[in-house]
1. Here are the criteria: (1) in a helix (DSSP H, G or I); (2) over 20 Å from Gly69 (Cβ atoms); (3) among the small types (Gly, Ala, Ser). Tell me which single one Ala135 does not satisfy.
2. Confirm whether Ala115 is more than 28 Å from Phe192 (Cα to Cα), more than 13 Å from the chain's Cα centre (by Cα), assigned to a helix (DSSP H, G or I) and aliphatic (A, V, I, L, M).
3. Among the numbered criteria (1) farther than 22 Å from Arg22 by Cβ; (2) at pLDDT 95 or above, which one does Asp76 miss?
4. Out of (1) in a helix (DSSP H, G or I); (2) within 11 Å of the chain's Cα centre (by Cα); (3) not β-branched (Val, Ile, Thr), what's the single condition that is false for Arg103?
5. Before we move on, is Leu19 in contact with an Asp or Glu (Cβ under 7 Å, 6 or more places away or on another chain), modelled with pLDDT of 95 or more and either under 29 Å from Val140 (Cβ atoms) or crowded, with 18+ Cβ neighbours inside 10 Å (or both)?
6. Say whether the condition of being crowded, with 16+ Cβ neighbours inside 10 Å, part of a helix (DSSP H, G or I) and touching a Ser or Thr at 6+ places or on another chain (Cβ under 8 Å) is met by at least one residue in the stretch 77-85.
7. Quick one: is Val130 β-branched (Val, Ile, Thr) and modelled with pLDDT of 95 or more?
Amino acid sequence: MPRPVKYDDTDLLDRSYDLLWRDGCDSVSIRDLERALDLKAPSIYRRFHSRHELIARSVDRYTGRVVGGRIRRHLDATVDPVVGLRAFFTSAIEPAPGESVPRGCLLTLTAGQAACDHPGVRGAVDSGLVSVEAALRAQVHRAVGSGRAAPGADPEALATALFVAFEGLMVLARSGHSGLDGAVEQLLDACFPPVRSAVSTRSATARREDHDHE
């Protein structure tokens, strides 16, 4: 009688992407995976056929659960598109519970690893990055359409700039670089100038008129 399955594939992929995200796939050995998944190597290969397939499927799982979760929570469900962008950026530079340094993004991390030379892993990473860029582009179009960007702003150029900035932010976050919260604020204020209230605008105009009549 076959032994009952301890964990389904979803459980295993969750454990796998967490390990790969923490340590980087090039540093994770099959022994590390055995311990993390509570399976022996032959059982891992029966389930996932190869180490590269396991990495690729783990990246896909990360994209759907972590990246997709952030997109749904901070971009899709936020009324103010700029507030959503700010939350999306800042949530990605917060350390995981019990950790002092942010992990950054598994997609960004894996893109720079030797394992990404494998077509399956590269395809999973590229697919995840496309989803990030598409979500940022949709949010930027919302912001521009609602008048939150400077007059004449090119939403496509803004979206590309934010995607590039986000990827750089993920590298700096993982390296423990400080001051990233402030950098996010400056970046978004530059792309989407803060809305000045009508009261403050009238006050500034009144001060200028008073000065002109002195």
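1. Exception for Ala135: condition (2).
2. Considered against the rule, which asks whether it is more than 28 Å from Phe192 (Cα to Cα), more than 13 Å from the chain's Cα centre (by Cα), assigned to a helix (DSSP H, G or I) and aliphatic (A, V, I, L, M), Ala115 comes out as yes.
3. (2)
4. Exception for Arg103: condition (1).
5. On the way: in contact with an Asp or Glu (Cβ under 7 Å, 6 or more places away or on another chain): yes; modelled with pLDDT of 95 or more: yes; either under 29 Å from Val140 (Cβ atoms) or crowded, with 18+ Cβ neighbours inside 10 Å (or both): yes.
Judged against the criteria, Leu19 is a match.
6. Taking the stretch 77-85 and keeping what is crowded, with 16+ Cβ neighbours inside 10 Å, we get 78, 81-82, 84-85.
Going one step further and asking which of them are part of a helix (DSSP H, G or I), we end up with 81-82, 84-85.
Among the residues that remain, those that are also touching a Ser or Thr at 6+ places or on another chain (Cβ under 8 Å) are: 81, 84.
Within the stretch 77-85, one or more residues are crowded, with 16+ Cβ neighbours inside 10 Å, part of a helix (DSSP H, G or I) and touching a Ser or Thr at 6+ places or on another chain (Cβ under 8 Å).
7. On the way: β-branched (Val, Ile, Thr): yes; modelled with pLDDT of 95 or more: yes.
The answer is yes for Val130.
Let's see how each residue does on (1) more than 16 Å from Leu20 (Cα to Cα); (2) crowded, with 21+ Cβ neighbours inside 10 Å; (3) of a type in the set (Asp, Glu):
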| position | (1), (2), (3) |
| --- | --- |
| Gly98 | yes, no, no |
| Gly104 | no, no, no |
| Ala114 | no, no, no |
| Val125 | no, yes, no |
| Leu129 | yes, no, no |
| Ala134 | yes, no, no |
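The values are calculated or read from the model by the stated rules, or taken from the named source; none is laboratory data. If you're wondering where the values come from, they're calculated on a predicted model, not measured in any experiment. Don't worry about glycine lacking a Cβ; one is built from the backbone with ideal geometry, like all the others, and counts go over all protein chains shown.
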